[in-house]
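The values are calculated or read from the model by the stated rules, or taken from the named source; none is laboratory data. In this text, all values refer to a predicted model and were calculated from it rather than measured experimentally. Don't worry about glycine lacking a Cβ; one is built from the backbone with ideal geometry, like all the others, and counts go over all protein chains shown.
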Amino acid sequence: MYAIRMLPSLANLGKNWSGRSWSVHYSAAVKSLSLEEKLGLPARPKKPLSPYLQFCKQKFNVLSQMNPKSSFKETSQKLAEEWKLVDSDLKTKMMSEYHKQVQKHPEALQQYYNSLTDTQRVQLEAAKKLRKENLQKIRLNLELKKTGKPNRPTNAFGSFVKDVYSKTTKGSINSHGKGYIKEIAEMWNKLTPEEKAPYKLKSEENGKKYQRALVEWEEEMVRQGKANLIRLQSQPAQPALDESKKRFQSQTKRK
């Protein structure tokens, strides 16, 4: 369990990810760059690893090389078993040293930030802000997908692209090259207004369906008290929002 916490990026990769040994994946994970290192700044002092994680870090490569066909889960279980056999006095000593490092870490971190120039601090804060915003966008998109928000339909050109692909034999269009969209765009530009009309009509019809579905979804979000997910112009006044949320919670409890 602890090993999976240590390397969450590897926890769900499966037994034979990329056909390479787990030791390679472990090495790649532990060598991932921090935000400071990505900006070309000096490495920030890392938070001390607990005794168990130190043990895992030391033993993981050895075990994965001895058992290259083992999955990450199996290797983690083996680590847990071996940790139980470690001498209790050694564990106590490791824990004592760990607590000392934890107490020193805030001071080391402060010294690190004090050592940065004003320009480096501004650069780091801007990067942190951008990372936070990107994370918020990812969470919002996941929430929107979870709640079943309708997907915006493609425009007339997008419908034409799909139509071209559905009628194209393999190899007649270089679909894997950088210029494949340009090639289809040239085909689109050569169409007459009459030839483009069906695609535009289809786009308009899909747009109307999307707007109706979007309104229904937004009404449902308001009913559930999730008005923060909908467009600003669709959000009701706060009293109405509170009342709608109470009704939804009451109905949910009855079920």
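Being surrounded by fewer than 15 Cβ atoms within 10 Å (Cβ to Cβ) and under 30 Å from the mean Cα position of the chain (by Cα) is the filter here; which residues of the range 55-64 pass it?
Listed by number, the list holds a single entry, Gln58.
Please determine whether any residue of the range 158-172 is at pLDDT 95 or above, of a type in the set (Asp, Glu) and more than 30 Å from Lys59 (Cβ to Cβ).
Our first condition is that a residue be at pLDDT 95 or above; within the range 158-172, this holds for none.
No: zero hits.
What do you reckon, is Thr75 of a type in the set (Val, Ile, Thr) and without any contact (Cβ under 8 Å) to a residue 60 or more places away in the chain?
Details: of a type in the set (Val, Ile, Thr): yes; without any contact (Cβ under 8 Å) to a residue 60 or more places away in the chain: no.
For Thr75, the condition - of a type in the set (Val, Ile, Thr) and without any contact (Cβ under 8 Å) to a residue 60 or more places away in the chain - is not met.
All but one of (1) within 25 Å of Lys91 (Cβ to Cβ); (2) at pLDDT 85 or above hold for Arg5, so report the exception by its number.
With respect to (1) within 25 Å of Lys91 (Cβ to Cβ); (2) at pLDDT 85 or above, Arg5 is out only on (2).
Kindly provide the set of residues from the range 89-98 that are exposed (fewer than 12 other Cβ atoms within 10 Å of the Cβ) and closer than 12 Å to Pro51 by Cα, ordered by number. So that I can check it myself, show each step before the final result.
In the first step, residues of the range 89-98 are kept if they are exposed (fewer than 12 other Cβ atoms within 10 Å of the Cβ); the result is 89-90, 92, 96.
Within the range 89-98, Leu90, Thr92, Ser96 qualify.
I'd like to know if the range 111-121 contains one or more residues that are under 17 Å from Lys38 (Cα atoms) and either aliphatic (A, V, I, L, M) or touching a Gly at 6+ places or on another chain (Cβ under 7 Å) (or both).
Taking the range 111-121 and keeping what is under 17 Å from Lys38 (Cα atoms), we get 112-113, 116-117, 119-121.
Then keep just the ones that are either aliphatic (A, V, I, L, M) or touching a Gly at 6+ places or on another chain (Cβ under 7 Å) (or both); that gives 116.
Yes, the conditions are met somewhere in the range 111-121.
When you go through Lys162, Lys128, Lys149 one by one, which is the residue that is part of a loop (DSSP other than H, G, I, E, B) and either assigned by TED's automatic domain parsing to the domain that holds Glu205 or in contact with a helix residue (DSSP H, G or I) (Cβ under 8 Å, 6 or more places away or on another chain) (or both)? Before you say what the answer is, go through the steps one by one.
Working: Lys162 fails: part of a loop (DSSP other than H, G, I, E, B); Lys128 fails: part of a loop (DSSP other than H, G, I, E, B).
Unique residue meeting the criteria: Lys149.
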